[in-house]
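The values are calculated or read from the model by the stated rules, or taken from the named source; none is laboratory data. Because the structure is predicted, anything quoted here is derived from the model rather than measured. FYI the Cβ positions are ideal-geometry reconstructions off the backbone, even for glycines, and counts take in every protein chain you see. In case anyone asks, the SASA skips ligands and DNA or RNA and just uses the protein heavy atoms, side chains included. Shrake-Rupley method; radii C 1.70, N 1.55, O 1.52, S 1.80 Å.
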Amino acid sequence: MENTIQILAISGSLREKSSNTALMKAIIGLSSADIQFTIYGGLGDLPHFNPDLDLDDGPSSVQGLRQQLKEAHGVLICTPEYGNGVPGVLKNALDWIVSSGEFMNKPTAVISASPTPMGGDKAHASLLLTLKMINAEIIEEGLMMIPHITLKLNKEGVITDSEMEQRLLAVLRALEQACR
Ligand SMILES: Cc1cc2nc3c(=O)[nH]c(=O)nc-3n(C[C@H](O)[C@H](O)[C@H](O)COP(=O)(O)O)c2cc1C
């Protein structure tokens, strides 16, 4: 469809039962038919960032990430916090984009979710620093830190907290608006 917005959704967790991946899928479930999401599944396959490999015909997995970002109108990131920071796999992916620039002016919503009361605030802040450095368009209304995620999303990945659901709908609206 001509009016369809393409969003690349990236979870910062490789864990099979990740709450962030489940949250990301729940958000996709809340979205309107005008938004088409692609879940990026290659995070764990990217090589460790090495500028020596960052050539025109660099690693094919990196080319794949760059292509998917290029094709997307916007990006949704849902991430946990590890060791008070951004998960290494997610930072690694962003490091591959510093030189190639696919995040430039790309509307980006950033959600961190954690079972702790802090909602992954340090990973959230650090991630924003990196995204700003690569000139992503950070959407103010698309920023969210979610504490106690395990109390708000059940084991089946269904949202059980109506306040969180309303906020997520606002994130989706802001992301859609920024992409149009
Ligand atoms: C090694 C390790 C370090 C962690 N560090 C943090 C942390 O700094 N802050 C935090 O909020 N949660 C931390 N956690 C808890 C994660 O938020 C929790 O495991 C969460 O479920 C991971 O996200 P996921 O469910 O999407 O995989 C840590 C967990 C592990 C295993």
Among 32, 125, 164 - extreme Cα towards positive end, dipole of the chain, charges at beta-carbon:
164
Under 5 Å, built H, 5+ apart or other chain: amide partners of residue 116:
148, 149
Residues with amide H under 5 Å of residue 39's amide H, sequence separation 5 or more or different chain, H placed in the peptide plane at 1.01 Å from N; which?
9
Whichever lysines have a C-alpha closer than 22 Å to that of residue 122, once near sequence neighbours (fewer than 8 apart) are set aside:
91, 132, 152
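What number do you get for the chain when its Cα radius of gyration is normalised by 2.2 N^0.38 Å, N = residues?
Normalised by 2.2 N^0.38 Å, the Cα Rg of the chain equals 0.98.
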Ignoring ligands, DNA and RNA, what accessible area per residue does the chain give at 1.4 Å, in Å²?
51 Å²
Filter the trypsin sites (Lys or Arg not before Pro) in the stretch 12-45 down to the DSSP loop ones having no more than 15 other Cβ atoms within 10 Å, then list what survives.
15, 17
By per-residue mean of other Cβ atoms within 10 Å, what is the highest-first order of 69-80, 113-124, 169-180, 45-56?
69-80, 113-124, 169-180, 45-56
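Kindly work out what percent of the DSSP beta bridges joining two residues of the stretch 1-89 are antiparallel, to the nearest 5. Intermediate values should be presented prior to the final figure.
Details: 1 of 11 bridges.
Bridges in the stretch 1-89 are about 10 percent antiparallel.
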Through the Karplus equation 6.51 cos²θ - 1.76 cosθ + 1.60, θ set to phi - 60°, convert the phi angles of the stretch 111-121 into ³J(HN,Hα) values in whole Hz; use x for Gly and Pro.
10, 10, 9, 8, x, 7, x, 8, x, x, 4
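Quick check: at a probe of 1.4 Å, how many percent of the accessible area of the chain sits on carbon and sulfur atoms? Please list the in-between numbers first.
On the way: 4660 of 9130 Å².
Within the chain, the accessible surface is 51 percent carbon and sulfur.
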Taking a spot 7 Å from the Cα of residue 30 along the direction of its beta carbon, which residues of the stretch 84-114 have an amide N less than 19 Å from it?
108-114
Once amide H atoms are placed 1.01 Å from N in the peptide plane, what residues at a sequence separation of 5 or more from residue 5, or on another chain, have their amide H within under 5 Å of its amide H?
35, 36
Quick one: 3J(HN,Hα) in Hz for the stretch 138-149, Karplus 6.51/-1.76/1.60 with θ = phi - 60°, rounded, Gly and Pro as x.
6, 8, 3, 6, x, 9, 8, 10, 10, x, 6, 4
What list of ³J(HN,Hα) couplings, whole Hz, do you get for the stretch 158-172 from phi and the Karplus terms 6.51, -1.76, 1.60, once you set θ to phi - 60° and write x for glycine and proline?
9, 5, 10, 10, 5, 5, 4, 4, 5, 5, 5, 5, 5, 4, 4
